[in-house]
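Okay, so here's the structure we're looking at.
The values are calculated or read from the model by the stated rules, or taken from the named source; none is laboratory data. Please read these numbers as outputs of a predicted model, since none were measured by experiment. Heads up, the Cβs are rebuilt from the backbone with ideal geometry, glycines too, and the neighbour counts pull from every protein chain shown. For accessibility, only protein heavy atoms count, side chains too; no ligands or nucleic acids. Shrake-Rupley method; radii C 1.70, N 1.55, O 1.52, S 1.80 Å.
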Amino acid sequence: MNVINLDHISFNPLLPEVREAMIDAINNKDLHNPSSQHKAGEKSAEMLAQARQNVADLINAADPKEVVFTSGGTESVNHAVKGAAMANREKGNHIIATNIEHNSVIRSLKRLSAQGFKVTSLSVDESGRVDPAAVADAITDQTILISVMHSNNETGTIQPIAEIGAIARENKVLFHCDAVDSVGVVPVDVQALNADLLSFASNPFYGPTGAGGLYIRRGTRIFPLLDGGVQEHNKRAGTENLIGIIGMGKAAQLAAAHMEERRAHLADLKKYLVEQLPQYVDEYIINTNPDHSLPNLLNISLKYIEGESVMLMLDEENLAVSTKSACATGSLRASHVLLSLGLSHSDAQGTLVIAWGIDNSKDDLQKLLSTLSGVVSTLRSMSPLYQK
Amino acid sequence: MNVINLDHISFNPLLPEVREAMIDAINNKDLHNPSSQHKAGEKSAEMLAQARQNVADLINAADPKEVVFTSGGTESVNHAVKGAAMANREKGNHIIATNIEHNSVIRSLKRLSAQGFKVTSLSVDESGRVDPAAVADAITDQTILISVMHSNNETGTIQPIAEIGAIARENKVLFHCDAVDSVGVVPVDVQALNADLLSFASNPFYGPTGAGGLYIRRGTRIFPLLDGGVQEHNKRAGTENLIGIIGMGKAAQLAAAHMEERRAHLADLKKYLVEQLPQYVDEYIINTNPDHSLPNLLNISLKYIEGESVMLMLDEENLAVSTKSACATGSLRASHVLLSLGLSHSDAQGTLVIAWGIDNSKDDLQKLLSTLSGVVSTLRSMSPLYQK
Amino acid sequence: MYNQVVMDHFKNPRNVGVIEDPDGVGEVGNPLCGDMMTIYLKIDENEKRISDIKFQTFGCGSAIAVSSMLTEMAKGKTLDEARKISNKDVAEALEGLPKNKLHCSNLGADALHMAIQDYDDKKAGIVRPREEREEKHEHGDGETCYCPYCDVELDEKASFCEACQRDLTEEH
Amino acid sequence: MYNQVVMDHFKNPRNVGVIEDPDGVGEVGNPLCGDMMTIYLKIDENEKRISDIKFQTFGCGSAIAVSSMLTEMAKGKTLDEARKISNKDVAEALEGLPKNKLHCSNLGADALHMAIQDYDDKKAGIVRPREEREEKHEHGDGETCYCPYCDVELDEKASFCEACQRDLTEEH
Ligand SMILES: Cc1ncc(COP(=O)(O)O)c(C=O)c1O
Ligand SMILES: Cc1ncc(COP(=O)(O)O)c(C=O)c1O
Ligand code: FES
Ligand code: FES
């Protein structure tokens, strides 16, 4: 097929070393249940411990035991938000979040609302950022949890997390950070950020999907989401996805080792894309914060045309992009994130998320730009909005 | 290491075909997010659909949409029990289960109890089975859910599920069956059993750990456990563990195709073990129901000695067995299942779970028996209980 | 996602464009997704027949394919025949649309009917305010709706599932 | 799970067995796991020294290793010296036990102390009822306990975590 993947926000390819580690695990005849007490179990427990250490190092956790392996970002977020809320209910029932959180946060909060929790959802400014002072203002004596994402999965905009973490700490409120799209891409340090809970997933740093983690600072009061056995230091029951976790551990190790060179490459591509764009299309809005954002993503709204059509036409030319969060596919609503930025419904409809990876080159972006240029003309020529 | 795995209840090796399917997926450069709308996404969506069809066929689901992929048995059980309870709360607050459920059920129920649900936990008879009449008797006008396991993970004893399912249906109460150790090993037909919810995992039928499923009969009122995106027909959010699911789909296909020949082989080994046992050890109790049980497991209590010591000594001879549910490791309590059968604490301490698989032979069991014989003598010679 | 017929009409849409000095214009917006379609008609007065038809669409792949297919179906038909073209007919001619894209087909027939109405109005000298011209389309055709999240039976018009406390995209 | 020192003592336990006509016997049961240990002593009257020691144990690998190590440590010691051997000393001599197996080391020192007490009692002509002979051992040594499930600080004696509604195995 030979598709150029510029939809890295939906899926990152596995690194060769990660493939190898997973295949080795699959072919390892001695793989067993890490909870088993015999030798085969112990060998597997060691592999699990190694992966945990690698992941702990990537986010600078003080103790690897603070890392709980999960089935991905969604489980981590549900565990963090629901588990912290339920465990701290007698302290209060108020939770603070932002309008642009991922649906895993928003829908977890909605479920908690149905159970009597009150949620304050803060808006972001036009540049997509929340004001830390607004977080501080929203805190009441009932506030038990603040949940703010590190970077947004549609715009790539990065929030002032360290400031918010400091405010949470000062007010003795638990702080959860959904860092799914940041961990392994940009430096994330749970200690510097004062995060009590931090959600992440393996695929954004080129590990397998279906593997993720939740950082739980020692001493944080939280219920398990999955009750059952005593795996994961009693914090998450269930036989471990060992093959996935091994892949994640390898990916974490590589992400930590190559963070800076990867970032430089990705940022270089971003600079190129932003600079070249005006030569290929006009009348567009960049929805990604120019100063505070991921190096691997650009969100643009192309006026007068609709995103799915653009995406499909680019797909015909073997260019994969996305038009909104892939997990929102099937929903027809305009993205809550883009509306929160103040975009009109029709501008929000024309939104393209271009997300490249360490496997992309300027040539890939060049191909995108020249193809996009034609696609935009074709669709605009069809558009009743463009004519007027 | 060359260990003989007679601890299949903790871990089953991947089948060669499953390894191959997973490795193919890992090496597939076109793998993408099944929710993405471009071609790469659609290809992945097709793989996901194929796996879902295979799993649906294995449990005879009427519609593959009734199969929700999860991260394993524990997630399935938590989803089923908590999700059904919370979604049906206004109808009633009473749940019926048994004393011998897996901890994922027991602890989910405990959490629900803390939220106002009332749980009736039925005892089993000496043979390890619950009386369907007792289930019928326990139903009140507040009863919203019955949860009974298909086979027990410590004893292998199979419950009269079809009868219980019929009672639930008759009384319009939802019925969840934890069939983690049965699906793919013995025939499980969700329609014949009248199950509304049925939990299973992939590893018991030689698929990867960290992959499982929940059968949700169409129309069943249940909340998601993982809120977020619209994956899994809106029933379970989160980017799918595609590699694991592909392995599970392949394993399901093979389990369905080879169910009968596998069962015959496993049952043959069981017959051999039970027949040979008295020639190697004396003074033991068989805790597995002779007529209603899995073909691949035997639970015995060796009097006067303790299980961990036996397990460790067998491990020295490269024989892997378990002494109680592997996920209970770390807990020092006598197994709630064995105590429920009426065993004394000291007999429960001497319990060995021998669980073989399709990769084992009579030679393996023969090796176990002759080694066990020596281990039992050694430990009994050390035991203060034996001398008296 | 889309079948080959849909993709063909999407990639090579027929009858794109504007008719200068049209005999009738229909313009609808899809309340669900914000997409828009305009249909331009040229009518053969004698035969009461659509002699030319063009469209402009701001919308998803399915909306574009619907526009293209609809204009193909309407072209050359008498007004009476054209009035009978339903959303369902268009979706069927396209050999099906994904479930959550079925509503896109509403756009097409609605815009056509509105363009014919516009022609009729002009003939009769009626000038309708914009709002009055917007046709309301019906939800589904009486089939049972289920919550996509928890599968309970739902009122057709529910926009929120009481059972599971979820907002519903209106595609159930 | 266990280190090499533990495994060595488990696999080749020293001083297993019964002393016929012993000078002191100590027998303890571990209330947590139901395991049991019996220590038999032969005492050199003149030197007040343990001239021979044997054990019988019904218990986990750690219990057997503890028994073996303890008897090795006690053998040849004076009664005063032996009385000073603590659970912690045994665990340390074994170069550590897994956290959830630390309690197994209680068995060893307790049984030894009880056997010495039994010897002293015999000398003094005291006959104690069985229950009174059972030594109660302390939980840990004052370190903070946390719930293994939700990590909240716990009372040392808690057997249920209020925070997360979980039963606790008593190893926190
Ligand atoms: C910001 C954010 N949070 C949470 C998630 C959920 O992660 P996963 O899909 O791994 O469950 C995603 C992934 O799309 C995300 O981008
Ligand atoms: C009966 C039963 N239910 C549930 C589970 C939990 O499954 P998993 O370990 O895949 O999460 C198990 C596994 O040990 C089991 O045996
Ligand atoms: S017309 Fe808007 S989604 Fe199809
Ligand atoms: S003495 Fe019983 S667990 Fe160690």
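Quick notes on this one:
- Of interest is the spacing of the C-alpha centroids, which for the stretch B:115-190 and the stretch A:102-164 amounts to 42 Å.
- Toward the positive end of the charge dipole of the protein assembly as shown, with +1 on the Cβ of Lys and Arg and -1 on the Cβ of Asp and Glu, the farthest Cα among A:GLY184, A:ALA257, D:ALA115 is that of D:ALA115.
- Backbone HN-Hα couplings from phi across the stretch A:116-131 [Karplus 6.51/-1.76/1.60, Hz, Gly and Pro as x]: x, 7, 10, 10, 9, 10, 7, 8, 10, 7, 4, 7, x, 10, 8, 8
- Per residue, the accessible area of the protein assembly as shown comes to 36 Å², computed with a 1.4 Å probe over protein heavy atoms only.
- Inter-copy label distances at A:ASP363 (7 Å, Cα→Cβ; nm, one decimal): 5.5
- Relative contact order of the stretch B:16-255, pairs being alpha-carbon contacts under 8 Å that are 6 or more residues apart, as %: 27
- In summary, the aspartates and glutamates within cross-link reach of A:LYS82, defined as a Cα separation below 12 angstrom excluding same-chain residues under 8 places away, comprise B:ASP227.
- Distance (nanometres) between label positions extended 7 Å along Cα→Cβ at D:LYS42 and A:ALA267: 7.9
- Euclidean distance between Cα centres, the stretch B:239-262 to the stretch B:282-299, Å: 28
- Put simply, the amide H of A:SER293, placed in the peptide plane, has neighbours under 5 Å in A:ILE158, leaving out anything fewer than 5 places away on its chain.
- Distance between the stretch D:14-73 and the stretch C:27-82 - C-alpha centres, whole angstrom: 96
- For the protein assembly as shown, share of DSSP beta bridges that run antiparallel, in % to the nearest 5: 65
- Residues in the stretch A:157-196 that a label on A:GLU260 would reach, taking backbone N under 20 Å of a point 7 Å out along Cα→Cβ: A:183-190, A:192
- For B:VAL190, net neighbour charge (Lys/Arg +1, Asp/Glu -1) across residues whose Cβ lies under 9 Å away: -2
- Shape category assigned to the stretch A:189-258 from the gyration tensor of Cα positions, a/c cut at 1.5: oblate
- Overall, the accessible surface of the stretch B:182-255 at a probe of 1.4 angstrom is composed of carbon and sulfur to the extent of 47 percent.
- Take the accessible area of chain D alone and of chain B alone, subtract that of the pair, and you get about 2600 Å² summed over both chains, using a 1.4 Å probe.
- Cα Rg, Dmax (largest Cα-Cα span) when computed across the stretch A:341-388, Å: 13.9, 41
- Remark: the stretch C:4-124 carries a charge dipole of roughly 340 debye about the Cα centre, counting +1 on each Lys and Arg Cβ and -1 on each Asp and Glu Cβ.
- Approximating the spin labels as points 7 Å out from Cα along Cα→Cβ, the B:SER377-to-B:ASP189 distance works out to 5.0 nm.
- Applying the Karplus relation 6.51 cos²θ - 1.76 cosθ + 1.60 with θ = phi - 60° to the stretch B:36-52 yields 3J(HN,Hα) values of 6, 8, 7, 4, 4, x, 5, 4, 5, 4, 5, 4, 4, 5, 5, 4, 5 Hz, where x marks Gly and Pro.
- For the stretch A:110-201, the set of trypsin sites (Lys or Arg not before Pro) satisfying both a DSSP loop assignment and a count of at most 16 other C-beta atoms within 10 Å is given as A:LYS172.
- Chain B: C-alpha gyration tensor shape, a/c 1.5 cut-off, then a/b vs b/c: oblate
- Nearest-0.05 FRET efficiency for A:ASP125 and A:ASN60, computed from C-beta distance (R0 30 Å): 0.55
- Charge tally for C:LEU94 (other residues, Cβ to Cβ under 14 Å; Lys, Arg +1; Asp, Glu -1): 0.
- Summarising the amide proton neighbourhood of A:ASP7: residues at separation of 5 or more, or on other chains, whose placed amide H is nearer than 5 Å comprise A:ALA355.
- Loop-located GluC sites (Glu not before Pro) across the stretch B:68-132 with a Cβ neighbour count of 11 or fewer within 10 Å are B:GLU126, with loop assigned by DSSP.
- Of all DSSP beta bridges in chain B, antiparallel share, percent nearest 5: 50
- Residues whose amide H lies under 5 Å from that of A:HIS102, counting only those 5 or more places away or on a different chain, are absent; hydrogens are built 1.01 Å from N in the peptide plane.
- In this simple spin-label model, placing a label point 7 Å from the Cα along the Cα-to-Cβ direction at both B:ASP359 and D:ASP120 gives a separation of 5.7 nm.
- Summing +1 for each Lys or Arg and -1 for each Asp or Glu among the other residues whose beta-carbon sits under 14 angstrom from that of B:ASN171 gives -2.
- Phi to ³J(HN,Hα) by Karplus 6.51 cos²θ - 1.76 cosθ + 1.60 over the stretch C:8-22, Hz, x for Gly, Pro: 5, 5, 5, 6, 10, x, 8, 6, 6, x, 10, 9, 5, 6, x
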